[in-house]
Amino acid sequence: MKSACFTGHRNISGDIIKLKQTLYNTLEKYITNYGLTDFYAGGALGWDTLAALTVIKLRSIYPHIRLHLILPCSNEEQTAKWSDQDKWIFYRILSNADHIEYTSQYYYKGCMKARNARLVECADICFCYWNPKNFHSGTAQTVNMARKKHIDIINFMRDK
């Protein structure tokens, strides 16, 4: 196992501090115990942002790990409706990424699905923040892609 993808909801509920620590500890365990080196994130708000920032933080201790961004469309189109603060964080993540790939130059109806498929294609494990009751979401779609690929899925959304 060398690579992981992240997929999750944009809205994160509950104890965010505890979630951040759990994610950090889990990723550190997979880096040290299983040789995980490459992390693939989709650049969305919420879980993707939290996951990418955690990888960046871990890289200060484990400089050999890599953050790969797989984005659905141009930066401008993806962030068009975002707040200035969210855009600032997004560009901070971009500047710290080891690799950036775009599945499309422009936004179109299926660009998020194409991004999600590419995330799963690159991964040996999927770390998600998914409410299983929300089975029509892009996160559910990505988790189902990971299931079809027969890779492990670790869900950080508890008690839902």
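Of all residues in the stretch 8-43, those being surrounded by fewer than 19 Cβ atoms within 10 Å (Cβ to Cβ), in a loop (DSSP other than H, G, I, E, B) and aliphatic (A, V, I, L, M) number 1.
Within the set Gly8, Gly35, Gly42, Gly46, the sole residue that is farther than 21 Å from Ser95 by Cα and in contact (Cβ under 8 Å) with a residue 60 or more places away in the chain turns out to be Gly8.
So is Asp98 of a type in the set (Asp, Glu), free of Cβ contacts under 8 Å to residues at least 40 places away in the same chain, surrounded by 13 or more Cβ atoms within 10 Å (Cβ to Cβ) and closer than 21 Å to His68 by Cα or not?
So Asp98 fits the description; yes.
Contact annotation: residue pairs with Cβ atoms under 8 Å, 6 or more positions apart or on different chains, pairing a residue in the stretch 57-79 that is crowded, with 17+ Cβ neighbours inside 10 Å with a partner that is in a strand (DSSP E or B) and of a type in the set (Gly, Ala, Ser), are Leu67/Ala41; His68/Ala41; Leu69/Ala41; Ile70/Ala41.
Taking the stretch 39-57 on its own, how many of its residues are among the small types (Gly, Ala, Ser), in contact with a Lys or Arg (Cβ under 7 Å, 6 or more places away or on another chain) and closer than 18 Å to Glu28 by Cβ? Before the answer, list the steps.
From the stretch 39-57, those among the small types (Gly, Ala, Ser) are 41-44, 46, 51-52; that's our starting set.
Next, only the ones that are in contact with a Lys or Arg (Cβ under 7 Å, 6 or more places away or on another chain) stay: 42, 44, 46.
Remaining after also requiring closer than 18 Å to Glu28 by Cβ: none.
The total comes to 0.
The set of residues in the stretch 132-160 that are more than 14 Å from Ala4 (Cβ to Cβ), hydroxyl-bearing (Ser, Thr, Tyr) and under 14 Å from the mean Cα position of the chain (by Cα) contains only Thr139. Only a single item in (1) of a type outside the set (Lys, Arg); (2) touching a Phe, Trp or Tyr at 6+ places or on another chain (Cβ under 8 Å); (3) part of a strand (DSSP E or B) is not met by Glu101, and it is number (2).
Per-residue answers, yes or no, for (1) in contact with a strand residue (DSSP E or B) (Cβ under 7 Å, 6 or more places away or on another chain); (2) modelled with pLDDT under 95; (3) outside any loop (DSSP other than H, G, I, E, B):
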| position | (1), (2), (3) |
| --- | --- |
| Leu45 | no, no, no |
| Leu50 | no, no, yes |
| His64 | no, no, no |
| His68 | yes, no, yes |
| Glu77 | no, no, yes |
| Leu94 | yes, no, yes |
| Val120 | yes, no, yes |
| His136 | no, yes, no |
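The values are calculated or read from the model by the stated rules, or taken from the named source; none is laboratory data. Everything quoted here is computed from the prediction, not taken from an experiment. Positions of Cβ are generated from backbone atoms using ideal geometry, with glycine treated the same way; all protein chains shown enter the neighbour counts.
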